[in-house]
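What follows is a set of notes on a single structure, which appears directly below.
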Amino acid sequence: MRQIGLFDAGTTAGLKRQSSLSDAGDTRTIQAGFRNVVFYPDFNNWWSSASQCLQENVSPSKVWWTENRNAARAPRKSLAMKESAGFIQEATAASCHRSEDRWALLYSILWRLTHDEPQLLELSGDPQVAKLHQYAKAVARDVHKMKAFVRFRKVEGESPGCVPRYISWFEPQHFIVEYAAPFFKRRFSNMHWSILTPVGCAHWEGEGDLWFSDSVDKDVAPDGDQFEDAWRVYYKSIFNPARLKISAMQSEMPKKYWKNLPEAKEITALVASAEVSTQRMIKQRKVADNFHCGARPAHPDQIVHQQIQATDGSSLQALRLQASLCSGCPQSVAATQTVFGEGPDNARLMIIGEQPGDEEDLHGKPFIGPAGKVLDAALKHAGIDRRQCYLTNAVKHFGFEPRGKRRLHKRPDASVVRACAQWLQQELSCVNPEVVVYLGATAASTCFGPQVRVSRDRGKLIYKDARQHLITTHPSSILRLNRGAAQQNAYLQFINDLKLCASAVGLENKARLMVNKH
Ligand code: URA
């Protein structure tokens, strides 16, 4: 992991801020009738010079647009244009395009819009309009990729208590840093971050204004952090070989971005093993389908009753057997079987999910499907051994809506959660954990009622009924986010929440990790 240069200390000291001087671009006349406009190359500054040229009736063939990053900058003002509101939006995007002819193109279109062609933008066959659309589209695509592929690395501040800075290296195709930065400000408003690129850098200090500095070299940016492995394990765990479409993947995540994506290091190996993994999944699925479509797993009631008799009536084993006969809610009718909790009866940490999913329903075990894989990876990175935890669900039967051959997850309603509460209460009394983790709102509502809000209440230890409780997000909500910085952030927050629980039960102390309560 490299953390060198300017960002060793987690600060941006030493970066040269771009100036924000006043006075519009210099529109010096160089020959009779010709105008050489020297301006700072962004839309605001071009607009200010272009408006002046329009006022002075300088036709497009008489203007030369000369970019100069040291030119004085015009004060930013809100732009309006009665002739064509759509022009400003599209021209702002197109102005970030790499091609040198963009300023002349924009001025020519502006001239025509204001000289008897107000409907010009509707003529998509017009070569200049077509070029404008093409430039704006290419920039929009580049911004989309930036939103998806910016990966922040955490750099700790030098002195204790100093806020960490999150730094990303990204290589855009066009000059989009200032244009795209407000998105990152909104999305990561609480963090101090910098996005470094070869065409300029954007910075946010958690408050105030975004600021921008000149380009830096890649080696200024850190190329790893303590979460790097976590992110890669996460990516591996959500990779579904059966859904692999290499061409679609490469068009969504072109190879040129791979070198800056921590998870891309896994792609080659995952793709190479996809065929074998898919065959394995198909085989498992066949076994599961036979199991599901034929007779339901035989639970002849008397056998179970006999087994219950043979147990100590208050044990987890007795509860599990009793729950296997439960038909207390509509979900129990359609589901394959009861999926009861799993783990040591003296676990110090209990994790409660919402309800089993498709795979859990078929195999009778909690958290073995895609959400379970995310949970496993996060537990591992939080230093928690899954085998030492008791994992269960608020609802013990899979609730779904059939869609063709597929069974789509359906959130359990409050009456189902209430009907199932007796099992969870008994699991809690049997296991008596020190800390309970609730994954998502359904699980949290079993302890905190329907008014609980995961976004508001998550991530803190709450003392109640003689134990600590922590609400966090459900791993499937992380899976549902579009791949990108938001998903990465959600996953890292999830790990942090689990780490807090680990420290509350002393699980972060490896010596105690394998030791149960009694
Ligand atoms: N989601 C849950 O909430 N529980 C499981 O067991 C699996 C997925």
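Just so you know, all these numbers are worked out from the coordinates, no wet-lab data involved. If you're wondering where the values come from, they're calculated on a predicted model, not measured in any experiment. All Cβ positions, glycine included, derive from the backbone under ideal geometry; neighbour counts span all protein chains shown.
Among DSSP beta bridges lying fully in the stretch 150-220, give the percent that are antiparallel, nearest 5.
For the stretch 150-220, the DSSP antiparallel bridge percentage is about 60.
Taking a quarter of the surface of the Cα convex hull of the stretch 313-506, what do you get in nm²? Spell out each step's value before the answer.
Working: hull surface 42.6 nm².
Its Cα hull, projected and averaged over all orientations, spans 10.6 nm².
Aspartates and glutamates near LYS380 by alpha-carbon distance under 20 Å, same-chain residues fewer than 8 away left out - which ones?
Once the sequence-local aspartates and glutamates are set aside, what remains near LYS380 is ASP225, GLU228, ASP229, GLU263, GLU266, GLU342, GLU434, ASP497, GLU508.
Using each residue's phi in the stretch 422-436, evaluate 6.51 cos²θ - 1.76 cosθ + 1.60 at θ = phi - 60° and report the 3J(HN,Hα) Karplus result to the nearest Hz, with x for Gly and Pro.
Ordered by residue, 3J(HN,Hα) equals 4, 5, 5, 4, 6, 5, 4, 5, 5, 7, 6, x, 7, 10, 10 Hz.
Test of the criteria: in the stretch 343-435, which trypsin sites (Lys or Arg not before Pro) are in a DSSP loop and have at most 10 other Cβ atoms within 10 angstrom of their Cβ?
Filter output for the stretch 343-435: LYS405.
Report the label-to-label distance for GLU122 and ALA272 in nanometres (one decimal), using points 7 Å from each Cα along the Cα→Cβ vector.
Going from the GLU122 label point to the ALA272 one covers 5.8 nm.
Cα-Cα over 22 Å: which of LYS147/LYS255; LYS131/LYS256; LYS365/LYS410?
LYS131/LYS256
Using θ = phi - 60° and the Karplus relation 6.51 cos²θ - 1.76 cosθ + 1.60, list the HN-Hα couplings for the stretch 210-221 in order, rounded to whole Hz, with x at every Gly or Pro.
4, 9, 10, 9, 5, 5, 10, 7, 4, 6, 6, 7
Check GLU117: other-chain or 5+ apart residues with amide H under 5 Å from its amide H, H built from backbone geometry?
Close amide H contacts, sequence-distant or interchain: none at all.
Can you work out the FRET efficiency for the pair GLU205 and ARG76, with r the C-beta to C-beta distance and R0 = 25 Å, to the nearest 0.05? Don't skip to the answer; put the middle values down first.
Values: r = 19 Å, r/R0 = 0.76.
It comes to 0.85.
Per residue of the stretch 442-457, what does 6.51 cos²θ - 1.76 cosθ + 1.60 with θ = phi - 60° give for ³J(HN,Hα)? Whole Hz please, x for Gly and Pro, Karplus curve as stated.
Couplings: 4, 4, 5, 5, 5, 10, 10, x, x, 7, 5, 10, 4, 4, 8, 9 Hz.
Run the dipole for the stretch 381-480 about the Cα centre, Lys and Arg Cβ at +1, Asp and Glu Cβ at -1, nothing else charged, and hand back the magnitude in debye, nearest 20.
Taking the Cα centre of the stretch 381-480 as origin, the dipole is about 540 debye.
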